[in-house]
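Notes for the one structure printed next.
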Amino acid sequence: MKLADNKATLSFSNGSPSIELPVYQGSVGPDVIDIRKLYGQTGMFTYDPGFLSTAACQSAITYIDGDKGELLYRGYPIEQLATGCDFLETCHLLLYGELPNAKAKGDFTKLVTMHTMVNEQMQFFLRGFRRDAHPMAILTGLVGALSAFYHDSTDINNPKHREIAAIRLIAKMPTLVAMAYKYTVGQPYMYPKNDLSYAGNFLHMMFATPCEPYKVSPVLERALDRIFTLHADHEQNASTSTVRLCGSSGTNPFAAIAAGVACLWGPAHGGANEAALNMLEDINRNGGVAKIGEFIKQVKDKNSGIKLMGFGHRVYKNYDPRAKLMQETCKEVLAEMGLENDPLFKLAMALEKIALEDDYFVSRKLYPNVDFYSGIVQRAIGIPVPLFTAIFALARTVGWIAQLNEMIGDPEYKIGRPRQLFNGSQRRDVLPIVKR
Ligand code: SDX
């Protein structure tokens, strides 16, 4: 970042001395006012719950222009990466800053492939769960448990440890997610197969059984690979900020990523894809397209507590570019599966059309986000609804670990420790219980 030829002057109406604050600019996007000296100079904090106007860090990984609906990973538009590259090329880009050439791609793919197995002891963690446990509950536990097996790569301040932990996490998430799924359906775990692609191996571990050969569908393999790319990173979203804050204490990368998995689970964040699919199924069960008007009315009634899941975004005030690509992937997969007339897809498109013509949504700049169509395409691939957010976590792991490693490599970083506006009881003395 560099000093802008601009300064911020903060003055107070109560006559307190005004102060000057430096303004910094990045390569693109909003400038920032550096308030690090504010408390020291004024004895006051800023107040920004939800961080609506707060940059918590500087980063060179992902840039979002919410007004334009633009998403760039290391400068490359998501539309070009999702159609012109595969997920492992995108992982290389996010981790190292550049797309790999053919040799680098081969080396990186081999490195990831050689780390896809998990320690045989990992399977015993699952036995403690009920068979109907939510896959995100299982995954939160399994990812945290990984730290118990890799004492050779838990020193986050060692760049070599950071790199091998990144490779291990990217490589093992598909194996862990597939194990969480197999456990809930009572089927044996399938070991990774090194001759399959990243997405193909995941499909194999999910849907193959030891009883017969499993053929990976190239269309589903490509669709899943694209879903991974679309979810790979997204600037300082809630779960990435959780990973950064958790990692800022110096804890190991596995624990920090487990914190990200836990945060992503929430329905306002990564859990929205499961919630959006359940919402579409409810509408479909209660009358389908004919009932959309009634449902929209409920959403607009603040007292209903009902939201149009898969719509709205803190940053995008235009169409989420990932939602457009996800809708296209939906069409491809449904056609491949002979499900062109899938009622939920038709319902989703009708719901989107009606919402985008309704002033409630238009005036609040609420558009479909990445979660609106992702559930439909995952369901068409055969992924059970409760596993949708685990797939999101699988894909977002590369973004989390890239952002974590960037933070640890930044000489400016310190342990994150926000302050507060206190409005509780002032000092008072404890009375003996007989006098309370
Ligand atoms: C993800 O941050 C990221 O980058 C996240 C993510 C990523 O890749 O990491 O993009 C992934 O989490 C996408 C978002 C998935 N969540 C959902 O689809 C859940 C439904 N959406 C909302 O809960 C909401 O839109 C949020 C949480 C996504 C954003 O919330 P904000 O920015 O705090 O905005 P808000 O809640 O203040 O909404 C502004 C207004 C409010 O109405 P008013 O008080 O102004 O009258 O819009 C309304 C909200 O009530 N609103 C909605 C709505 N989203 C916002 N009303 C109905 N349905 C919705 N979906």
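Normalising by the residue count of segment 23-93, find the relative contact order in percent from Cα pairs under 8 Å and 6+ residues apart. Relative CO of segment 23-93 lands at 15 percent.
Residue by residue, segment 413-419 carries 3J(HN,Hα) couplings of 5, 9, 4, x, 8, x, 9 Hz when phi is fed to the Karplus relation 6.51 cos²θ - 1.76 cosθ + 1.60 (θ = phi - 60°); x denotes Gly or Pro. The heavy atoms of Cys246 present about 40 square angstrom of accessible area, all protein chains included, probe 1.4 Å. Proximity of backbone amide H atoms, modeled 1.01 Å from N, is registered between Phe45 and no other residue at under 5 Å, excluding neighbours fewer than 5 places apart on the same chain. Working from Cα pairs under 8 Å separated by at least six residues, relative contact order for the chain is 19 percent.
What a 1.4 Å probe finds exposed on segment 104-232 is 58% carbon and sulfur by accessible area, rounded to a whole percent. Binning all Cα-Cα separations of the chain at 10 Å, short to long from zero, yields these whole-percent fractions: 4, 19, 29, 24, 15, 6, 2, 0, 0. Each principal axis of the Cα atoms in segment 104-164 has its own extent, and those three values, largest first, are 42, 27, 20 angstrom. Between segment 145-188 and segment 82-122, the alpha-carbon centres lie 15 Å apart. This model, with +1 at the C-beta of Lys and Arg and -1 at the C-beta of Asp and Glu, gives segment 41-152 a dipole about its Cα centre of some 420 debye. For segment 9-18, 3J(HN,Hα) computed residue by residue from phi via the Karplus equation (6.51, -1.76, 1.60; θ = phi - 60°) reads 10, 10, 10, 10, 6, 8, x, 4, x, 6 Hz, glycine and proline entered as x.
Computed over protein heavy atoms with a 1.4 Å probe, the accessible surface of the chain works out to 50 Å² per residue.
Maximal additional length on extending the Arg130-Lys37 stretch stands at 28.3 nm, based on 0.36 nm per residue less the C-alpha distance. Derived scalar couplings between HN and Hα for segment 274-284 equal 5, 5, 5, 5, 4, 4, 5, 5, 4, 4, 5 Hz in order, rounded to whole Hz, by the Karplus curve 6.51 cos²θ - 1.76 cosθ + 1.60 (θ = phi - 60°), x for Gly and Pro. Under 5 Å between amide hydrogens, built in the peptide plane, is the criterion, and for Ala4 it picks out Val23, Tyr24, Gln25 among residues at least 5 positions away or on other chains. Its residues counted as N, segment 183-287 yields a C-alpha radius of gyration over 2.2 N^0.38 Å of 1.36. The angle separating the long axis of helix 159-185 from the principal Cα axis of greatest extent in the chain is about 50 degrees.
Less than 5 angstrom separates the built amide H of Thr62 from those of Arg74, Glu235, all sequence-distant by 5 or more or on a different chain. Need one word for segment 165-206: rounded, prolate or oblate. Basis is the Cα gyration tensor (sqrt eigenvalues a ≥ b ≥ c); a/c below 1.5 gives rounded, then a/b vs b/c decides. Judged from the Cα gyration tensor, segment 165-206 comes out oblate (a/c at least 1.5, b/c at or above a/b). Summing Cβ point charges (Lys, Arg +1; Asp, Glu -1) relative to the Cα centre of the chain gives a dipole of roughly 1400 debye. Report, in degrees rounded to the nearest 10, the 0 to 90 angle that the Cα long axis of helix 321-336 makes with the longest principal axis of the chain. It is inclined by approximately 10 degrees.
The values are calculated or read from the model by the stated rules, or taken from the named source; none is laboratory data. Predicted, not measured: the structure shown is a model, and the values here were computed from it. All Cβ positions, glycine included, derive from the backbone under ideal geometry; neighbour counts span all protein chains shown. Side chains included, ligands, DNA and RNA excluded: accessible areas come from the protein's heavy atoms. Shrake-Rupley method; radii C 1.70, N 1.55, O 1.52, S 1.80 Å.
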